[in-house]
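Q: Following this message is one structure expressed as structure tokens.
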Amino acid sequence: MAVREHYHVKKDVVLIVAALAVGLLLGFLFARDKYKSQLMATNDLVIGRDAEMKQMDSKLNKLLMWNGAVVIVKDGSLEAMTDASMLLRDGTKIMRNGSYLTKTGEEGKLQNGYSFDMDGKMMK
């Protein structure tokens, strides 16, 4: 008799746990459908902000040829380039004297006032 009671208690516990699991799953599915549009809008907003931040970072931080030497513009402040060269995100290598070598093998020298952003895009 004790074995049967233990079996019924175990069976009841399993049923309760299964019911809770099904309830949680259904609650999750209903909530996901209800708030899907809000989640998508928030996701798009975050992606847009990330793109804006990356663009601002590229504009604020760059390597600039200034009075015959390359300086680092970091958050609007000028810093001396202390390393012999610097590798940008696209593989472009900039030397302290303004010479550069792109990933495609193009060589050149920056003129005063010209710069490279951290993504390797040259600009004036």
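Q: Hey, among Lys74, Lys93, Lys34, which residue is more than 13 Å from Asp117 (Cβ to Cβ) and in contact with a Leu (Cβ under 9 Å, 6 or more places away or on another chain)?
A: Lys93
Q: Next up: On the basis of being surrounded by 14 or more Cβ atoms within 10 Å (Cβ to Cβ), more than 18 Å from the chain's Cα centre (by Cα) and part of a strand (DSSP E or B), does Leu64 make the cut?
A: So Leu64 passes the test.
Q: In addition: Output the number of the condition that Asp90 fails; it satisfies all remaining conditions of (1) out of contact with any Lys or Arg (no Cβ under 9 Å at 6 or more places or on another chain); (2) surrounded by 10 or more Cβ atoms within 10 Å (Cβ to Cβ); (3) not hydroxyl-bearing (Ser, Thr, Tyr).
A: For Asp90, the failing item is (1).
Q: So Phe28 fits all but one of (1) of a type in the set (Phe, Trp, Tyr); (2) touching a Lys or Arg at 6+ places or on another chain (Cβ under 7 Å); (3) outside the structural domain of Asp119 (by TED's automatic domain parsing); what number is the exception?
A: (2)
Q: Please go through the range 1-46 and give me each residue that is modelled with pLDDT under 85 and charged (D, E, K, R), ordered by number.
A: Scanning the range 1-46 gives Arg4, Glu5, Lys10, Lys11, Asp12, Arg32, Asp33, Lys34, Lys36.
Q: Inspect the range 99-116 for any residue being in contact with a Phe, Trp or Tyr (Cβ under 9 Å, 6 or more places away or on another chain), farther than 16 Å from Gln55 by Cβ, loosely packed, with under 14 Cβ neighbours inside 10 Å and in contact (Cβ under 8 Å) with a residue 40 or more places away in the chain and give the result as yes or no.
A: yes
The values are calculated or read from the model by the stated rules, or taken from the named source; none is laboratory data. These numbers come from a predicted model, not from an experiment. We place every Cβ from the backbone using ideal geometry, glycine too, and count neighbours over all the protein chains shown.
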